[in-house]
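Enquirer: If you scroll down you'll find the structure; I have some questions about it.
The values are calculated or read from the model by the stated rules, or taken from the named source; none is laboratory data. Predicted model, so just to flag it, every value in this text is computed and none were measured. Here the Cβ positions follow ideal geometry from the backbone for every residue, glycine too, while neighbour counts run over all protein chains shown. Protein only, heavy atoms only, side chains kept; ligands, DNA and RNA dropped before computing areas. Shrake-Rupley method; radii C 1.70, N 1.55, O 1.52, S 1.80 Å.
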Amino acid sequence: MATTDNTYYEGQVLWAQIDANRHLRHSAYADFCAQARSNMLKSIGLSLTDFAKNQIGPILFREELIYYREIHLDEYIRVEVEMNKYNTVNSRFSFRHTIYKENGVKAAEVNVDGAWLDLKTRKLVAVPTDWQSYLDRIPTSEDYVQIDQ
């Protein structure tokens, strides 16, 4: 399976991820994308341990799934992750995940919008300023938009 620098998850579709129609269940797409985002953050230097130390966690406001092709049991898939919007003022973000079948055909796109949550106050928070160099390593899409106001 061919990969790009933006591939953050590759794996086999398991029996537990199949629905009654014998294809990948809808919630499994979100699971694959969440794992890909976690892998991407770890690869740029921000592990779950770093988030825990700073009492910060990501929160999603919106998740959109667009299906293109069915994915079946035992297929291998890969998930690419790109940031397509980031607001530097309030640290809100948008990510696009593209899921490919093992033959390279685009199977789905998952778009999410979110922000960072202070786990103590349960309020939205900007990321620590010393994290900016890490955030600059997140792959961005061709249509990436940065909001600075």
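Enquirer: If TYR68, TYR100 are ordered by their accessible area, calculated over protein heavy atoms with a 1.4 Å probe, which sequence runs from highest to lowest?
Expert: Output order, biggest surface exposure first: TYR68, TYR100.
Enquirer: Give the accessible area for SER43 in Å² (nearest 10); use a 1.4 Å probe, count only protein heavy atoms, and leave out ligands, DNA and RNA.
Expert: Surface accessible to solvent at SER43 totals approximately 80 Å².
Enquirer: Let me know the charge dipole size of the chain about its Cα centre in debye, to the nearest 20, where only the beta-carbon of Lys, Arg (+1) and Asp, Glu (-1) is charged.
Expert: 460 debye
Enquirer: Right, something else. Leaving ligands, DNA and RNA out of it, work out the accessible area of THR7 with a 1.4 Å probe and give it in Å² to the nearest 10.
Expert: Roughly 30 Å² of THR7 is accessible to a 1.4 Å probe.
Enquirer: Sticking with this structure for a sec: Round to the nearest 10 and report in Å² the accessible area of TYR8, as given by a 1.4 Å probe over the protein chains' heavy atoms.
Expert: Roughly 40 Å² of TYR8 is accessible to a 1.4 Å probe.
Enquirer: Now for a different question. Please give the Cα centre distance for the range 99-138 versus the range 31-61, rounded to the nearest Å.
Expert: If you average the Cα positions of each part, the centres end up 7 Å apart.
Enquirer: Mind checking the angle between helix 26-43 and the chain's longest principal axis? C-alpha axes, 0 to 90 degrees, to the nearest 10.
Expert: With both axes taken from Cα atoms, the answer is about 50 degrees.
Enquirer: On the protein heavy atoms, probe 1.4 angstrom, tell me the percent of accessible surface of the chain carried by carbon and sulfur. Could you put the intermediate results ahead of the total?
Expert: Details: 4070 of 8480 Å².
Looking at the chain in its full context, I get 48 percent from C and S.
Enquirer: Rank these residues by their accessible area, most exposed first, probe 1.4 Å: LYS85, LYS101, LYS123. Write out the running numbers ahead of the final one.
Expert: On the way: LYS85 95, LYS101 25, LYS123 130 Å².
Most to least solvent-accessible, the answer reads LYS123, LYS85, LYS101.
Enquirer: Per residue, what accessible area does the chain have, given a 1.4 Å probe and all protein chains present, in Å²?
Expert: Here the per-residue accessible area is 57 Å².
Enquirer: Just want the answer: with Cβ charges of +1 for Lys and Arg and -1 for Asp and Glu, which residue in ILE66, SER38, TYR76 is farthest toward the dipole's positive end in the range 30-89?
Expert: Checking the options against the dipole of the range 30-89, the answer is SER38.
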